[in-house]
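The values are calculated or read from the model by the stated rules, or taken from the named source; none is laboratory data. Predicted, not measured: the structure shown is a model, and the values here were computed from it. Reconstructed Cβ throughout: ideal geometry from the backbone, glycine too, with neighbour counts over all protein chains shown.
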């Protein structure tokens, strides 16, 4: 079978870079597929059960973003082509809002038939939501980045009803990005998948850590880029980007003059000297001629760990004081940077060839002193945009196209480009090729 990959037409990408827990309210995901959706379909469960879970490292040790992802995803594309040629799948009615264990209904029979098409369940007979159905739903949810609760709620129903043509488009978009990929997969690297709101630490071709993440919301998206992690900052201060100052903090100060004091934020003049907030014009009518810097500590918008990776977009990985954000299946709340759950574990992995292990990191943070620790060797990091790919265990993964970039224009601007050699090197390459 020949492989014909096409991508739907649509939007282009423009990155906005800033980071602030102060300026990031929890909002419903803004996507073409899900308007006004609940934050998580597990919201009525006890908190202990309302925590998204990534697949254990032992289940899928190969990275989601690696040199082998392209070949596996080609096979996945062909599999979904066959599904489309066979007529795709039928939608479950929108009136189906909750299916769980022991439910007996013709809707359960429809659910089983739907799950069987993608090989999430082997036997589609019967109209009872049994243990096999429960496990199949969990498998489906894991493949779509949802909490594996085993019951069908609004988010699972939405994913079940996305047409196969969209799934094909997602795989095609990822294949285009992977085919044009310019990132060099080294011995150790970190990958941030923006639509998946997840981070992986990779060593020798294997995932050694997986972390939930909170990435940029639709109006302040996280950018696609490559950089090198050079240092870990413990108890960092945070200097608010001017977009956050104007759009978020100044309106808060106008409503509550004590806002800066409550959040340990200092006002600095152009010479870097602290000034009285009462001397500042907070009306928003003039361009701010001051800087806002938040003291380090548990309340800091970056949390107590910042992973430094210099880049033109000024984004980075960091901790957050708002740990509750990781309990949601919809984690698109930041202003461009990525907040990482259990980021201290990631910091310890990055610093493994230094005197700082996880215990010493905890001890250093407890002092409330600022520590800037340079890595002995920088670690490459890739921020990628993948909405469809095949994992090494054969499971095909899908995530929402949160920024509307699975389009020809969007793909062109959300791919890590292959770097062109300098003119002198290009000439040498041409000469070398002509002799072969």
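Scanning for something part of a helix (DSSP H, G or I), under 17 Å from residue 240 (Cα atoms) and in contact with a strand residue (DSSP E or B) (Cβ under 7 Å, 6 or more places away or on another chain), does segment 277-285 turn up at least one residue?
Step one: of segment 277-285, the residues part of a helix (DSSP H, G or I) are 277-279.
Applying the additional criterion that residues be under 17 Å from residue 240 (Cα atoms) yields 277.
Going one step further and asking which of them are in contact with a strand residue (DSSP E or B) (Cβ under 7 Å, 6 or more places away or on another chain), we end up with 277.
Yes: one or more hits.
Would you mind telling me which numbered condition in (1) part of a helix (DSSP H, G or I); (2) farther than 30 Å from residue 380 by Cβ; (3) at pLDDT 95 or above residue 253 fails?
Against the list (1) part of a helix (DSSP H, G or I); (2) farther than 30 Å from residue 380 by Cβ; (3) at pLDDT 95 or above, residue 253 comes up short only on (3).
Residue check: is residue 97 touching a residue at least 24 places away in the same chain (Cβ under 8 Å), closer than 23 Å to residue 400 by Cβ and surrounded by 18 or more Cβ atoms within 10 Å (Cβ to Cβ)? Break it down stepwise before answering.
Numbers: touching a residue at least 24 places away in the same chain (Cβ under 8 Å): yes; closer than 23 Å to residue 400 by Cβ: yes; surrounded by 18 or more Cβ atoms within 10 Å (Cβ to Cβ): no.
Against the criterion (touching a residue at least 24 places away in the same chain (Cβ under 8 Å), closer than 23 Å to residue 400 by Cβ and surrounded by 18 or more Cβ atoms within 10 Å (Cβ to Cβ)), residue 97 does not qualify.
Yes or no, residue by residue, for (1) at negative phi; (2) crowded, with 21+ Cβ neighbours inside 10 Å; (3) touching a strand residue (DSSP E or B) at 6+ places or on another chain (Cβ under 6 Å):
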{"residue": "119", "(1), (2), (3)": "no, no, no"}
{"residue": "122", "(1), (2), (3)": "yes, no, no"}
{"residue": "135", "(1), (2), (3)": "yes, no, no"}
{"residue": "168", "(1), (2), (3)": "yes, yes, no"}
{"residue": "179", "(1), (2), (3)": "yes, no, no"}
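Residue check: is residue 65 in a loop (DSSP other than H, G, I, E, B), under 30 Å from residue 210 (Cα atoms) and either under 26 Å from the mean Cα position of the chain (by Cα) or at pLDDT 95 or above (or both)? Can you show your working first?
Working: in a loop (DSSP other than H, G, I, E, B): yes; under 30 Å from residue 210 (Cα atoms): yes; either under 26 Å from the mean Cα position of the chain (by Cα) or at pLDDT 95 or above (or both): yes.
In short, yes.
If we only count strands (runs of 3 or more DSSP E) wholly inside segment 295-369, which ones have 3 or more residues that are crowded, with 18+ Cβ neighbours inside 10 Å and at pLDDT below 90?
On the way: elements: 305-308, 332-334, 338-340.
The strands (runs of 3 or more DSSP E) meeting that bar are 332-334.
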